[in-house]
Each structure stands twice: as C-alpha cells, then as structure tokens.
Amino acid sequence: MPQPVLGILTLYLNEAKQLEEKSVYRRMIIEGKRIGLDVFVFTPMDVHASKELIHALVYDIATGKWSRKWRHFPHIIYDRCRIQRSVRFQQLLRFRSRYNHLTFLNRPLRNKWTIHQTFSQKTRFRQHMPETILYQNSADLRRMLKACPVLYIKPANGTGGRGILRVERLKGTGTLFDIQGRRQNRQIITPRKVSLSRLESIVRQWCLGGRFLVQQGIPLRLASGRYHDYRMLVQKNGQGQWEMTGMAGRVGAARSVTSNLHGGGHAVRAHTLLREWLGSEEKAEKAMKTAEKLGIEAAAFLESSFSALCELALDLAIDREGRIYVLEVNPKPAREVFARSGDSETYRKSLVRPLEYALWVYKNKGRGNSTAKTEE
C-alpha cells in the first residue's frame, strides 16, 4: 500500500513567492513523517494542469533545506488559503472548481454575516451571539446606538483586526461619541470625540465599497485599560471526532480596540486571564467548560450547515458574569497564540491533529482518490 500523501494548499503572499506560514509547514512535514504521512506544500500557481503534476515545495529533514520537486496530486488536500485581493486568489478559485472532486480536509467557510445568520437560526447558539446587523445606512447605525452603548463596525470578510471601528456613546451625553479603531493596514486611529452627524458621515465613508457589520460591543476592558478576548481552537482528532485542542487569552496593544497578536497584542494562558477577569478559580473553570462544549457543538453545526471542516477557531468574549459570546469564527486559524502564551504542548498538538485526521480520512474514505499515485 502506498504511503498516504497530504498536500498543504496555500497562497504566495507576493510575486516573490513568499509564504506566510513556512515554519509551520516545516514543522508539519516533520510531524507527518513521524506518523507515516508524506506532506508537501503547493499553491495553485505550482500546478501543471495538462500533465496533472505539481511543482511542489518539499522539505528535506536530513539537510534542513527546502527544494522543488515534481509530484503527483496528493491523496488529500489541506486548504490553508486565506482571502487575498490578488490574481493569486482568482487562481485559487479556479483550482477549487476544477479539482472539486479531490478529497479536501476542509472547504471554504462563508462570510461573517452568513455565519452569524446561520448561528442565529438555532436557539442553542442565539444566546451566545452579540446583537449584529448588516450595515445599509445611517438608520441602521442609529437603531443599534439606541440599543447598545458600545458598537464595533467591521468588514464581513475581514481578518486580523483590520478595518474595525469602535464607537462608544459617552456617558451623560446623548449626542457625543468616542471613536477609535484600526485601518485596513492595521494603523491605529487615535481616539476622538464626534457628534452624531459627524459619526454617521465617518461610518458611511468607512463602509464604502464593501459589506460591513455593526455589532454589539461586549465590555472587555481590563484594569490596565487594554481589551481582551479568547481564542479557542477546535479540531478533528485521529478518530474523526471534534475536540477542543486549546484556548488562550489575547490582550490587545495599548490604544488598540482589538486583541489581535498581529496588531501588537500578546497571549496569556486562558485560565490565568479568566481567573483574574472573573475573580475566582471556580468561575474560570466553569467558563472554560462551557466554552469547550459550545465550541465543539458550534463546529459540528457549521460543518453540517456548510461543508467539510477539520478545524475552527472561535474568538470568544466573556463578560464579567461569565456569559460567553462568539465574536467570529475562523476556518484557517493561526496557532501562534499557544506558542506565545507558553503552551508549547498545545501548540504541537494543534499542528499534529490535522495530520492525524488526514490519516483517519485516508483509511476510512476509500484510501484517497484515483488521481493520487506514488512517486515515480
């Protein structure tokens, strides 16, 4: 029987063929070899369609060097491609369409608005969703401002904390608002006070040329003045079952309205941060258990609603009473939050789980597909 082959599908960041997660892929190739899985990396640009071959990026563990090698299509594809505004992303869409018959561990998930609507159909999840609407005009903004003292305005397809505006109605005034945020390039917007009419004008400009959500803000400011939330990773294990891999706290940079690590935030072990935030060991334990159950059920529900998934990150807000809200979900999660919080074992597990699940798929789904061949 041929050795099972996993192809990690990704996208180059630029014309120089730079890859964002090369060190992650190197680690996955090493871990794959240890459990009997042959792993290589490729992008749609590397596919020679007429010959049905891939000019793959392979890593030699013995020499510690990367090189190119012509490979046949893998038995299974692990899609790590994130949204880009580029020709490369258009190539990806064509690749997914042309090779839709191949075995993928995971398929693309829908945008934040569709996911919110899907969750909101179920009573089980509705209680964990912040009030959210799709912005159409200033009337939507005014309606949300009446219901919520704090709002977040964010792109339906955004990632990494880009393009987020925070609006807070100032206490004792009905007409003054504090705004701050991050532009698409992650540049921090200095806080300032504006009138309602000025706010409406700013939000109209902010939302031009895209779809934006207006979402209820959950009180998440720590004693330090910084904002925080929690990143939970749920993944399929080596038996094909959903399981929580880990959870970490994220604390935003000074003057930042988001907690994203790329925006200058730092990671903390979830239990440590929860104990400080909720005030007791018992409350922290209870919140962790509730979050784990919610995450596993949410992943299974989204998979049944859309298409195949192998992992999902949930960004959670937990208020002072321990109530849990799902801020957003990410089907292509980064793992460095665990490494940065000092939880090296969870970080390792987060890399190994998709490989173990790939082996399970290979053994239980007809052992791949007819296009996969052994190396010539």
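Look at residue 329 and say whether it is closer than 23 Å to residue 21 by Cβ and in a helix (DSSP H, G or I).
Details: closer than 23 Å to residue 21 by Cβ: yes; in a helix (DSSP H, G or I): no.
No; evaluated as a whole, the condition is false for this residue.
Applying the selection to the stretch 238-280, what residues are part of a loop (DSSP other than H, G, I, E, B), modelled with pLDDT of 95 or more and not small (Gly, Ala, Ser)?
Those that are part of a loop (DSSP other than H, G, I, E, B), modelled with pLDDT of 95 or more and not small (Gly, Ala, Ser): 239, 241.
Out of all the residues in the stretch 349-365, is one or more closer than 28 Å to residue 278 by Cβ and either crowded, with 20+ Cβ neighbours inside 10 Å or at pLDDT below 95 (or both)?
Among the residues of the stretch 349-365, at least one is closer than 28 Å to residue 278 by Cβ and either crowded, with 20+ Cβ neighbours inside 10 Å or at pLDDT below 95 (or both), which makes the answer yes.
Could you please give the count of residues in the stretch 200-241 that are over 30 Å from residue 272 (Cα atoms), of a type in the set (Val, Ile, Thr) and touching a helix residue (DSSP H, G or I) at 6+ places or on another chain (Cβ under 8 Å)? Outline the logic, then answer.
Our first condition is that a residue be over 30 Å from residue 272 (Cα atoms); within the stretch 200-241, this holds for 200-214, 239-240.
Within this subset, residues satisfying the condition of being of a type in the set (Val, Ile, Thr) are 202-203, 214.
With touching a helix residue (DSSP H, G or I) at 6+ places or on another chain (Cβ under 8 Å) added as a condition, the list becomes 203, 214.
Residues meeting the conditions: 2.
What residue, among those in the stretch 9-52 that are within 18 Å of residue 100 (Cβ to Cβ) and of a type in the set (Val, Ile, Thr), is farthest from the chain's Cα centre (by Cα)?
That would be 47.
Give the stretch 110-126 a look and list any residue that's closer than 20 Å to residue 291 by Cβ, open to solvent by less than 90 Å² (accessible area, probe 1.4 Å) and not basic (Lys, Arg), or say none. Before the answer, list the steps.
Kept after step one, since they are closer than 20 Å to residue 291 by Cβ, are these residues of the stretch 110-126: 112, 115-116, 118-120, 122-126.
Subset that is open to solvent by less than 90 Å² (accessible area, probe 1.4 Å): 112, 115-116, 118-120, 124-125.
Of everything in the stretch 110-126, those that are closer than 20 Å to residue 291 by Cβ, open to solvent by less than 90 Å² (accessible area, probe 1.4 Å) and not basic (Lys, Arg) turn out to be 115, 116, 118, 119, 120, 125.
For residues that are loosely packed, with under 14 Cβ neighbours inside 10 Å and either in contact with a helix residue (DSSP H, G or I) (Cβ under 7 Å, 6 or more places away or on another chain) or modelled with pLDDT of 95 or more (or both), tally how many sit in the stretch 72-86.
0
Yes or no, residue by residue, for (1) open to solvent by 60 Å² or more (accessible area, probe 1.4 Å); (2) part of a loop (DSSP other than H, G, I, E, B); (3) not β-branched (Val, Ile, Thr):
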residue: 173; (1), (2), (3): no, yes, no
residue: 189; (1), (2), (3): no, no, no
residue: 193; (1), (2), (3): yes, no, yes
residue: 197; (1), (2), (3): yes, no, yes
residue: 201; (1), (2), (3): no, no, yes
residue: 224; (1), (2), (3): yes, yes, yes
residue: 230; (1), (2), (3): no, no, yes
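For the stretch 272-322, enumerate the residues that are under 18 Å from the mean Cα position of the chain (by Cα) and charged (D, E, K, R).
292, 297, 303, 311, 315
Quick check: is even one residue across the stretch 160-180 within 27 Å of the chain's Cα centre (by Cα) and closer than 24 Å to residue 291 by Cα?
yes
Restricting the stretch 127-158 to residues that are open to solvent by 20 Å² or more (accessible area, probe 1.4 Å), under 21 Å from the mean Cα position of the chain (by Cα) and modelled with pLDDT under 95, which is nearest to residue 215 (Cα to Cα)?
In this case the residue turns out to be 152.
The values are calculated or read from the model by the stated rules, or taken from the named source; none is laboratory data. Everything numeric here is computed off the predicted structure, so don't read it as measured data. Here the Cβ is made from the backbone with ideal geometry for all residues, glycine too, and neighbour counts use every protein chain on show. Heads up: the accessible areas ignore ligands, DNA and RNA and are worked out on the full protein's heavy atoms, side chains in. Shrake-Rupley method; radii C 1.70, N 1.55, O 1.52, S 1.80 Å.
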